[in-house]
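Chemist: Quick one: structure below, then a few questions.
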Amino acid sequence: MTQPKQPDAEMLSAWRQEVRDFLEAELPPDRAFNTEFDDGPEQWAYAVEFSRKCAARGWIGLTWPVEYGGGGRSAAENQVLLEELYAADAPMVNSVGWFLAAGTLLAGGSEEQKRELLPRIARMETIWAEGLTEPEAGSDLGSLRTRAVREGDEWVITGQKAYTSWGPMSDVLYVAARTAEGTRGGISIFVVDLSSPGVTLHPMRNFGGGVQSSTYLDAVRVPAEALIGEVGRGWDYIMRAFYASGTVEPIYASQARRLAELVSYCRSVPGRLEAPGIEADLAELAAMVHAQRLLAREVVGDGMAGRRPTYDGGIQQVLAKEYEPLFAQIYDRVLGPRSQLTAGAPDALLGGRPEAWYRQSFANHAGGTPQVKRMVLATRGLGLPR
Amino acid sequence: MELTWGEDFEALAQVARSVFAKDSPLVDREGAVDERDRHRQLVELGWLQLHGAPGSSDGAGLASAAGVFVEMGRALAPSPLPALARARDLALRIDSPAAADLAERIGDGEEWIVAVPLDERWGEAPMRLESGRLEGRAMAVPHAARADVLLVGALEGDRPVVVRVDAGDVEVELMPNLGERPLFAIRCDRVEVRPEDVLARGEAAARAWAVSGRRADVMLAAQVYGAGLRLLDATVTFAGQRHQFGGPIGRFQAVQYLCTDIAIDVHLTSAYAREAARVLDAGGDAELEVALLRRQASRTAQSMVHAAHEVHAGLGFMLESDVHLFTKAAKYWQFELHHPTDEHTIVTCLGAETGVEVPRESEVAL
Ligand SMILES: Cc1cc2nc3c(=O)[nH]c(=O)nc-3n(C[C@H](O)[C@H](O)[C@H](O)COP(=O)(O)OP(=O)(O)OC[C@H]3O[C@@H](n4cnc5c(N)ncnc54)[C@H](O)[C@@H]3O)c2cc1C
């Protein structure tokens, strides 16, 4: 595998412009949306179509080796791409395929699996859902109980997964299942076709306006090749996909755009900026965005250079989780009482979007809670006892 | 030396608990109870006359009436009581037979009357009364679509007034909001005002608005307190029952801090509310006490739902959990209780009686 060429600042800014030009041409402003929440059928169809356009440009799997359908580009370019997509609230779907599944395949998939499954993700041919969490295994993922038992040429999987996002719209489920006792060594990863007999989804609505499902796996039979990588290596794959990818989900890019809208609004209302506390709050929001942007640059840079991060477990991840709801709360404070008006209300500000952002900000637990991120930082990063 | 609720607080709270138990989104998400039935019930219970003017025989006093409002908050009950009580309180504070008559009609349930205070926090300029015509717009008026009469705050020149307006003369527009509250924008398009409908002017009007507003805010804070108690209970229960890593999550200090954050903020809200109610019941103007209370209650409304979401994690984000119902209700409280000038008031009012004795400039060694 050849190392990607490291881009200089000029190349990165030309690349940023290329992505921006594409988004400007392809993404009507009213189509921008947060795929995690607004997943009605029409929006979803549009998002898939839009994501396929990005796929056709080779943007999904930008950093993967070319032999697996990737672009062989640097992590820095990938971060720039993601920043621009987030800044535009671009309706990109299949993030589970793009990050968790691909990360796992790259970390441990067989050569055949990499050649078969990764290009399908890159071309947006297979949409993945994530089957990690269970009713009794949230933060303590290692205690999961879904079982996979080998029977001849097949695996038989039984268990229940919780909070599956995009389940009904996905083709396959990334399933972490127990193949032996214990965390390390006891968990294996499977790809399960969601149309298999024995799979049932029970959707439930969330506060953000979207849906998660309870996913029941009742003696679901999958072929031997559905095991990704090796038996019992699942925990390592998940951790590598989550913690060591050299990529940062740039929520800060979307926050930066919202902050710009907020400052413009404040400037448009005489006396607003001078009202008590407003500048202090705006500065706080700006600092949140700025800190995350700097730490993202650090994480990506460390990843590219193969440097060990200052703290394992990542201060960046802690801040991202903690800032998400706080950002929305301070934002509303600046906007004032009209921030509670919903889209379509006559006096709603900024199209009523802040009301939705506020609700959605309480989804900060997806992918791990702030408290657990701190616990990981304390134990892995600072070496405190568990 | 005591800081307690009023004498009848418990008795009223007990009745209120059973009344609101059935009319709560925590029990019935669809909210099948009709607003008119709610009104009828309030009349039957005599709660529209719950807290009256200081020195008057009617009413239980704020420190006792709070029992009803605490329970209303605990149930997140969508009762029109606060809006109607606010209007009656305003009318009671105006020294005129016409105002007394309006207060009586609200109390008897004959008319549905709501107040439209002079309030620029929603971004509208104050309404104006000029040459017998009322002009302008006001936002977030609760229950305005049901009202027969509005008591409107406006400026006549630079003097505040209280004007009686027939609801039929104004345009009413729903303001859909996170908490799904019946909030309305009203517009007066050169509405004709008869001289006798200007109920108060100048200093008298300003005082009636200020005092009735402060009293209403104490009752609003009491609702935050009630809701907070329920949310605290739900969160502590969850922390005891939800197991991760081989035991209840409540044994993690990270979770304990979140639960105690709720307890501290909710309790402080109650402490400030009891003090403000005491001072108002004694006929004081409670400017400082109410400013301190509003600042705390507004913060509590935000902080308690934040902490509850943190503890409930994924489950709290699902509509099947009740947490979001508190989040929706609290948003309105947070803003309704937030007055940007309160911090200034607090600093200005510091003095011996607040326990913060500020030396005169000449005595300070800088
Ligand atoms: C919008 C959304 C989408 C999601 N999508 C998916 C998906 O597609 N697929 C999937 O598999 N999962 C998904 N999840 C689940 C998500 O990963 C879990 O919610 C998350 O891991 C937390 O688990 P939990 O909700 O069970 O909380 P719990 O683990 O029960 O946590 C409850 C509380 O206990 C605290 N706590 C737990 N352990 C500790 C500790 N050791 N120290 C201190 N505090 C602790 C937590 O911080 C929290 O405050 C989604 C969640 C959300 C909100």
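Chemist: Within the range A:167-185, how many residues turn out to be in a loop (DSSP other than H, G, I, E, B) and modelled with pLDDT of 95 or more?
Modeler: Here the count works out to 4.
Chemist: Also: Do you know which residues across the range A:346-363 are assigned to a helix (DSSP H, G or I), of a type in the set (Gly, Ala, Ser) and without any contact (Cβ under 8 Å) to a residue 24 or more places away in the chain? Spell out how you get there, then give the answer.
Modeler: As a first pass, look at the range A:346-363 and keep what is assigned to a helix (DSSP H, G or I): A:350-363.
If we keep only those that are of a type in the set (Gly, Ala, Ser) too, we end up with A:351-352, A:356, A:361, A:363.
If the condition is that a residue be assigned to a helix (DSSP H, G or I), of a type in the set (Gly, Ala, Ser) and without any contact (Cβ under 8 Å) to a residue 24 or more places away in the chain, then A:GLY351, A:GLY352 are the ones that fit.
Chemist: Right, next: Of the numbered conditions (1) modelled with pLDDT under 95; (2) touching a Ser or Thr at 6+ places or on another chain (Cβ under 7 Å), A:GLY232 fails exactly one; give the number of that condition.
Modeler: Evaluating A:GLY232 over (1) modelled with pLDDT under 95; (2) touching a Ser or Thr at 6+ places or on another chain (Cβ under 7 Å) leaves (1) as the failure.
Let's see how each residue does on (1) in contact with a His (Cβ under 6 Å, 6 or more places away or on another chain); (2) away from chain B (no Cβ under 14 Å); (3) at pLDDT below 90:
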site: A:VAL269; (1), (2), (3): no, no, no
site: A:PRO276; (1), (2), (3): no, no, yes
site: A:HIS290; (1), (2), (3): no, yes, no
site: A:ALA345; (1), (2), (3): no, no, no
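Chemist: Looking at the range B:241-271 only, could you name the residues that are over 18 Å from B:ALA330 (Cα atoms) and either away from the ligand (no atom under 16 Å from the Cβ) or not in a helix (DSSP H, G or I) (or both)?
Modeler: Answer for the range B:241-271, where residues must be over 18 Å from B:ALA330 (Cα atoms) and either away from the ligand (no atom under 16 Å from the Cβ) or not in a helix (DSSP H, G or I) (or both): B:ARG242, B:HIS243, B:GLN244, B:PHE245, B:GLY246, B:GLY247, B:PRO248, B:PHE252, B:ALA271.
Chemist: More than 16 Å from the ligand (Cβ to nearest atom) and either in a loop (DSSP other than H, G, I, E, B) or closer than 30 Å to A:ASP302 by Cα (or both): which single residue out of A:ALA366, A:ALA343 fits that description?
Modeler: Just a single option satisfies the conditions, and that option is A:ALA343.
Chemist: Answer yes if at least one residue in the range A:279-288 is more than 14 Å from every other protein chain (Cβ to nearest Cβ) and either within 20 Å of the chain's Cα centre (by Cα) or within 13 Å of the ligand (Cβ to nearest atom) (or both), and no otherwise.
Modeler: yes
Chemist: Taking the residues in the range B:2-30 that are exposed (fewer than 14 other Cβ atoms within 10 Å of the Cβ) and of a type in the set (Gly, Ala, Ser) as candidates, determine which candidate is nearest to B:ALA60 (Cα to Cα).
Modeler: B:ALA11
Chemist: Moving on. Could you check the range A:287-310 and list, in sequence order, the residues that are crowded, with 16+ Cβ neighbours inside 10 Å and not in a helix (DSSP H, G or I)?
Modeler: A:PRO309
Chemist: Return the residues of the range A:322-341 that are at the interface with chain B (Cβ under 10 Å from one of its Cβ atoms) and among the charged types (D, E, K, R); say none if nothing qualifies.
Modeler: Listed by number, the residues that qualify are A:GLU322, A:ASP332, A:ARG333, A:ARG338.
Chemist: In the range B:316-346, what count of residues is obtained for those that are touching a Phe, Trp or Tyr at 6+ places or on another chain (Cβ under 9 Å), closer than 16 Å to B:ASP233 by Cβ and not polar (S, T, N, Q)?
Modeler: Qualifying residue count for the region: 2.
Chemist: What is the one condition in (1) within 11 Å of the ligand (Cβ to nearest atom); (2) charged (D, E, K, R); (3) farther than 26 Å from A:HIS365 by Cα that A:GLU125 does not satisfy?
Modeler: Failing condition for A:GLU125: (1).
Chemist: Among (1) modelled with pLDDT under 95; (2) within 13 Å of the ligand (Cβ to nearest atom); (3) not basic (Lys, Arg), which single condition is A:LEU382 missing?
Modeler: (2)
Chemist: In the range A:132-142, how many residues are within 10 Å of the ligand (Cβ to nearest atom) and either outside the structural domain of A:ASP193 (by TED's automatic domain parsing) or more than 19 Å from the chain's Cα centre (by Cα) (or both)?
Modeler: Residues meeting the conditions: 4.
Chemist: Please enumerate the residues belonging to the range A:200-210 that are facing chain B (nearest Cβ under 10 Å) and in a strand (DSSP E or B).
Modeler: Within the range A:200-210, A:MET204, A:ARG205, A:ASN206 meet the criteria.
Chemist: Tell me whether the range A:160-167 contains one or more residues that are touching an Asp or Glu at 6+ places or on another chain (Cβ under 9 Å), more than 29 Å from A:TRP64 (Cβ to Cβ) and within 13 Å of the ligand (Cβ to nearest atom).
Modeler: Yes, the conditions are met somewhere in the range A:160-167.
Chemist: Let me ask you something else. Provide a single number: the residues in the range B:302-319 that are within 21 Å of A:TYR331 (Cβ to Cβ) and touching a residue at least 12 places away in the same chain (Cβ under 8 Å). It would help to see each step written out before you state the result.
Modeler: Going through the range B:302-319, the residues within 21 Å of A:TYR331 (Cβ to Cβ) turn out to be B:302-310, B:316-317.
With touching a residue at least 12 places away in the same chain (Cβ under 8 Å) added as a condition, the list becomes B:302-305, B:307-310.
Going through the range B:302-319 one residue at a time, the tally reaches 8.
Chemist: Also, I was wondering about something else. Quick check on B:TRP122: is it aromatic (Phe, Trp, Tyr), within 14 Å of chain A (Cβ to nearest Cβ) and under 20 Å from the mean Cα position of the chain (by Cα)?
Modeler: Yes, satisfied.
Chemist: Does the range B:326-359 hold any residues that are surrounded by 22 or more Cβ atoms within 10 Å (Cβ to Cβ) and not aromatic (Phe, Trp, Tyr), and which are they?
Modeler: Of everything in the range B:326-359, those that are surrounded by 22 or more Cβ atoms within 10 Å (Cβ to Cβ) and not aromatic (Phe, Trp, Tyr) turn out to be B:THR327, B:ALA329, B:ALA330, B:LYS331, B:GLN334, B:GLU336, B:LEU337.
Chemist: Do we have A:ALA107 as more than 16 Å from the ligand (Cβ to nearest atom) and crowded, with 20+ Cβ neighbours inside 10 Å here?
Modeler: Values: more than 16 Å from the ligand (Cβ to nearest atom): yes; crowded, with 20+ Cβ neighbours inside 10 Å: no.
Here the answer is no, as A:ALA107 does not meet what is asked.
Chemist: Same structure again: Can you go through B:ARG299, B:ARG278 and tell me which one is under 19 Å from A:ILE330 (Cα atoms), of a type in the set (Lys, Arg) and either more than 8 Å from chain A (Cβ to nearest Cβ) or surrounded by 21 or more Cβ atoms within 10 Å (Cβ to Cβ) (or both)? Walk me through it before giving the result.
Modeler: Details: B:ARG278 fails: under 19 Å from A:ILE330 (Cα atoms).
Just a single option satisfies the conditions, and that option is B:ARG299.
Chemist: Sticking with this structure for a sec: Looking at (1) surrounded by fewer than 22 Cβ atoms within 10 Å (Cβ to Cβ); (2) at the interface with chain B (Cβ under 10 Å from one of its Cβ atoms); (3) away from the ligand (no atom under 15 Å from the Cβ), which is the only condition A:LEU350 fails?
Modeler: (2)
Chemist: When A:PHE99 is evaluated against the numbered criteria (1) surrounded by 21 or more Cβ atoms within 10 Å (Cβ to Cβ); (2) within 16 Å of the ligand (Cβ to nearest atom), which criterion, by number, is the only one it fails?
Modeler: Result: A:PHE99 passes all but (1).
Chemist: Within the range B:179-212, track down each residue that is within 14 Å of another protein chain (Cβ to nearest Cβ) and either in a helix (DSSP H, G or I) or at negative phi (or both). Write out each step before concluding.
Modeler: Taking the range B:179-212 and keeping what is within 14 Å of another protein chain (Cβ to nearest Cβ), we get B:179-187.
Those that are within 14 Å of another protein chain (Cβ to nearest Cβ) and either in a helix (DSSP H, G or I) or at negative phi (or both): B:GLY179, B:ARG181, B:PRO182, B:LEU183, B:PHE184, B:ALA185, B:ILE186, B:ARG187.
Chemist: Quick one: what pairs do we get from the range A:110-137, first residue part of a loop (DSSP other than H, G, I, E, B), second of a type in the set (Gly, Ala, Ser) and away from the ligand (no atom under 12 Å from the Cβ), C-beta under 6 Å, 6+ apart or different chains?
Modeler: A:ARG123/A:ALA55; A:MET124/A:SER51; A:MET124/A:ALA55
Chemist: Before we move on, is A:GLN113 of a type outside the set (Phe, Trp, Tyr), away from the ligand (no atom under 16 Å from the Cβ), closer than 22 Å to A:ARG240 by Cα and not assigned by TED's automatic domain parsing to the domain that holds A:PRO41? Write out each step before concluding.
Modeler: Working: of a type outside the set (Phe, Trp, Tyr): yes; away from the ligand (no atom under 16 Å from the Cβ): yes; closer than 22 Å to A:ARG240 by Cα: yes; not assigned by TED's automatic domain parsing to the domain that holds A:PRO41: yes.
The answer is yes for A:GLN113.
Chemist: Only residues that are more than 15 Å from A:PRO223 (Cβ to Cβ), polar (S, T, N, Q) and either away from every other protein chain (no Cβ under 14 Å) or exposed (fewer than 15 other Cβ atoms within 10 Å of the Cβ) (or both): list them for the range A:161-199, please.
Modeler: Answer for the range A:161-199, where residues must be more than 15 Å from A:PRO223 (Cβ to Cβ), polar (S, T, N, Q) and either away from every other protein chain (no Cβ under 14 Å) or exposed (fewer than 15 other Cβ atoms within 10 Å of the Cβ) (or both): A:SER170, A:THR179, A:THR183.
Chemist: Which pairs do you get when a residue that is over 21 Å from A:ASN34 (Cβ atoms) and basic (Lys, Arg), found in the range A:151-168, comes within reach of a residue that is assigned to a strand (DSSP E or B) and within 12 Å of the ligand (Cβ to nearest atom), reach meaning Cβ atoms under 7 angstrom, with the pair 6+ apart or on two chains?
Modeler: The qualifying pairs are A:LYS161/A:GLY131; A:LYS161/A:GLU134; A:LYS161/A:THR215.
The values are calculated or read from the model by the stated rules, or taken from the named source; none is laboratory data. On a predicted model such as this, the values are computed, not experimentally measured, just so you know. Ideal geometry is used to build each Cβ from the backbone, glycine not excepted, and the neighbour counts take in all protein chains shown.
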